[in-house]
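Here is the structure we will look at, set down as structure tokens.
Please treat every number below as a calculation from the coordinates, not as lab data. What you see is a predicted model, and the numbers here were worked out from it, not measured in a lab. Please note: Cβ atoms are built from the backbone with ideal geometry, for glycine as well, and neighbour counts cover all protein chains shown.
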Amino acid sequence: MEHIFIYTFVILYILNFFLDLFLSRLNIKHLLKYPDPPKPFQEFIEAEKYQKSIRYSMSYYRFHLFSGTVSAVLFLLFVYAGWMNAIDLKLYEIVPDETWRGICFFFILSFLSYLVGIPFGLYSTFVIEEKFGFNRETLSLWFKDQVKGILVSSLFMLPLSYAILYFMSSTGAYWWVYVWCLFFLYNLILLQIYPIFIAPLFNKFSPLEQGELRTKLEELAQRMKFSIANIYVIDATKRSTHSNAYFTGFGKTKRLVLYDSLIKEFSTDEIACVVAHEIGHYQKKHILKHIILSQSTALLFFYLLSIALNHPYLYKTFLVANQSTYMGLILLSFIVSLVLSFFSPAFNFFSWKHETEADQCSLDAIEKKDAFRTMLIKLHVQNLSNLVPHPLYARFNYSHPPIKERLERVGLL
Ligand SMILES: [Zn+2]
């Protein structure tokens, strides 16, 4: 009987892998149909720069094929060559307490996936990004980031993992409700702590300097009922020259963050469009909606786990000999993340909807509508983004609508 479950999981896993390869290939073939700058963008991009953006996409395509294949093969070996079970059996000999054994198991699993990710991370930063002139990071900065990242994630993950495993084994039949409450509170606290204590460990956050830009943004922020004190600039160019902006935090710790590269390269009117878009996310309560969606998914996950935890087939599907709380949690997360990857177009549907709403807010608030179009095109051109992704690939992989559709959605094309 367990064979049916094993085959089902492995077939779905391989199917998902080939679906990803198929979509990536479809996307790159679609891009190669446009050897010259596509129609609405011709006047904004020189032929040479456009060719460079095609080569940039090709580099990431090849890199994705290689890293995706290696990761998939290693995952299947880890589970079905019995490596995962062997680690677990060894831990049973060394750590008798189940909660601490779970912590050790999580630590080993995270460490192994981190190790696998290192060469890929190094290659994308120091080979691809370097070749296309985006990289500013040095090896010593990369190393410092790694050390800080490991320390911070251990500091935050250790108490959470301990508390979850402890609650799972000691709060009775409704443990999933308690664990979810804990998880929810933890995420709310993290959302408060992240912008103030964690993000500044990696970047310097400065308030906007006095001048034309600040005056312009002060007027805009006032019109959109947002405090200018919550707008910060970060020294992103110490790592990369890619331009971006984002909104983070919640309640008192909300922050609108602009990359210094954006300030340097874009006009005051264009930056105002970016700021108005980010304030649009805040006005439309997108962070709150995102929290509701992710926490509902988490609640469903813990409820499913309460049903599956004592089911022998959950463990047999992954060739694991011993049933335990931590192993059940990991194995169900393998299944859920695989199933969810098939539903990524549904999640992206909401994300695209939010982006369009924020774009509309921006257009309603700014004075020069044309600056919005040039800002968006410039952002894509400078980041060497694919201007013509395949629609199906975009549905699965893009959190924002492709640029052409994005402009069409707000009537700018
Ligand atoms: Zn956005």
Worksheet item: Could you give P(r) for the chain, binned at 20 Å from zero, as whole percent values over all Cα-Cα pairs?
Response: 21, 55, 23, 1
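With 10 angstrom as the radius, rank H3, H281, H311 by how many other C-beta atoms surround their C-beta, starting from the fewest. Write down the numbers at each step before the final one.
Values: H3 9, H281 21, H311 13.
The fewest-first ordering by Cβ neighbours comes to H3, H311, H281.
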Worksheet item: For the chain, modelled as a GNM with alpha-carbon contacts under 10 angstrom, which of I94, I263, I403 fluctuates the most?
Response: I94
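Within the chain, which is the longest segment containing none of the GluC sites (Glu not before Pro) that sit in a DSSP loop and have at most 14 other Cβ atoms within 10 Å? Walk me through the intermediate numbers first.
Numbers: sites that count: E46, E209, E367.
Value returned for the longest uninterrupted segment is 47-208.
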Worksheet, complete the sentence: A correct fewest-to-most ranking of D359, D20 by other Cβ atoms within 10 Å would be D20, D359
Response to the item:
Between S240 and residues 5 or more places away or on another chain, the pairs with built amide H atoms under 5 Å apart involve R136
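Return C273, C104 ranked ascending by Cβ neighbour count within 10 Å, so the fewest neighbours appear first.
C104, C273
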Worksheet item: Leaving out same-chain residues fewer than 8 places away, which lysines sit with a Cα under 25 Å from that of K284?
Response: K216, K225, K252, K254, K353, K368, K369, K404
Practice prompt. With an 8 Å cut-off on Cα pairs and a minimum separation of 6 or more residues, tell me the relative contact order of the chain in percent.
Written response: 23 percent
Discussion item. Loop only by DSSP, 12 or fewer other Cβ within 10 Å of the Cβ. Give me the chymotrypsin sites (Phe, Trp or Tyr not before Pro) in the range 146-243 that pass, ordered by residue number.
Written reply: Y174
Item to complete: Work out the FRET efficiency for L151 and K264 from their Cβ-Cβ distance, taking R0 = 41 Å, and round it to the nearest 0.05.
Response: 0.85
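Which helices pass in the chain if a helix is a full DSSP H run, must span at least 15 angstrom along its long axis by Cα, and must have mean Kyte-Doolittle hydropathy not below -0.5?
Numbers: long enough: 2-32 (45 Å, 1.23); 47-80 (49 Å, 0.31); 83-94 (17 Å, 0.31); 98-123 (38 Å, 1.26); 139-170 (46 Å, 1.03); 175-193 (27 Å, 1.69); 212-223 (17 Å, -1.20); 268-283 (22 Å, 0.04); 286-308 (33 Å, 1.38); 325-342 (26 Å, 2.17); 344-365 (31 Å, -0.62); 369-382 (20 Å, -0.03).
The qualifying helices are 2-32, 47-80, 83-94, 98-123, 139-170, 175-193, 268-283, 286-308, 325-342, 369-382.
Quote to one decimal, in nm, the extra length available between H290 and D370 on full extension: 0.36 nm per residue of separation minus the C-alpha distance between them.
On the way: separation 80, 0.36 × 80 = 28.80 nm, distance 3.01 nm.
Full-extension gain reported as 25.8 nm.
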Fill in: In the range 1-64, trypsin sites (Lys or Arg not before Pro) in a DSSP loop with at most 13 other beta-carbon atoms within 10 Å
K33
